[in-house]
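A short reminder: the numbers here are calculations on the coordinates, not readings from a lab. Note that the structure is a prediction, hence the values are computed from the model and not measured. Here Cβ is always computed from backbone atoms with ideal geometry, including for glycine, and neighbour counts include all displayed protein chains.
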Amino acid sequence: MPRSVNAVASRARRKKVMKQAKGFFGRRKNVWTVAKNAVEKAMQYAYRGRKEKKRNFRSLWITRINAGTREHGMSYSQFMGALKKNNIELNRKVLADLAMNHPEAFKAVVDQVK
């Protein structure tokens, strides 16, 4: 009995990877073995990047809140502690947006927790 290799599935699999490598530089875009390795590595970077993005945004929000609270004579940690004590449940994303784009509303929140 002849050997069955299912060329249709193999070609489809390779085509999918080559399509993902579109836009890469040099042999990474058109040589199968190089493209396969490049796409695998790119996927690892993408997976890691999705986790890092959350960290980066949280640290950005904290920096913005800290800058906003220092204008009103408080530190970030004092402000967050006072928020928890007063049961104000605004997350860092919302607080950072208020501090950047609506300083008068942010001032009202700071005054409420002082």
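From the C-alpha coordinates alone, can you work out the Kirkwood hydrodynamic radius of the chain, in Å? Please list the in-between numbers first.
Values: mean 1/r = 0.0549 Å⁻¹.
Mean inverse Cα-Cα distance, inverted, gives 18.2 Å.
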TODO: Find the lysine pairs in the stretch 8-111 meeting two conditions, Cα atoms under 22 Å apart and a separation of 8 or more places or different chains, and report how many there are.
DONE: 23
- [ ] Grab every C-alpha pair in the stretch 67-109, bin the distances at 10 angstrom width from 0 up to the longest one, and report whole percents.
- [x] 28, 66, 6
Open item on the list: Loop only by DSSP, 16 or fewer other Cβ within 10 Å of the Cβ. Give me the trypsin sites (Lys or Arg not before Pro) in the stretch 9-97 that pass, ordered by residue number.
Closed with: K22
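Subtract the Cα-Cα distance of Y45 and Q112 from 0.36 nm times their separation in residues, and report this length gain in nm to one decimal. Don't jump to the answer; show the numbers that get you there.
Numbers: separation 67, 0.36 × 67 = 24.12 nm, distance 4.33 nm.
19.8 nm is the gain from fully extending Y45 to Q112.
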- [ ] With a Förster radius of 25 Å, plug the Cβ-Cβ distance of N86 and N56 into 1/(1 + (r/R0)^6) and report the FRET value to the nearest 0.05.
- [x] 0.30
TODO: Report the net charge of residues surrounding V34, where surrounding means a beta-carbon distance below 10 angstrom and charges are Lys +1, Arg +1, Asp -1, Glu -1.
DONE: +4
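Only Cα pairs under 8 Å and at least 6 apart count here; give the relative contact order of the stretch 36-114 as a rounded whole percent.
Details: 42 pairs, mean separation 24.8, N = 79.
It rounds to 31 percent for the stretch 36-114.
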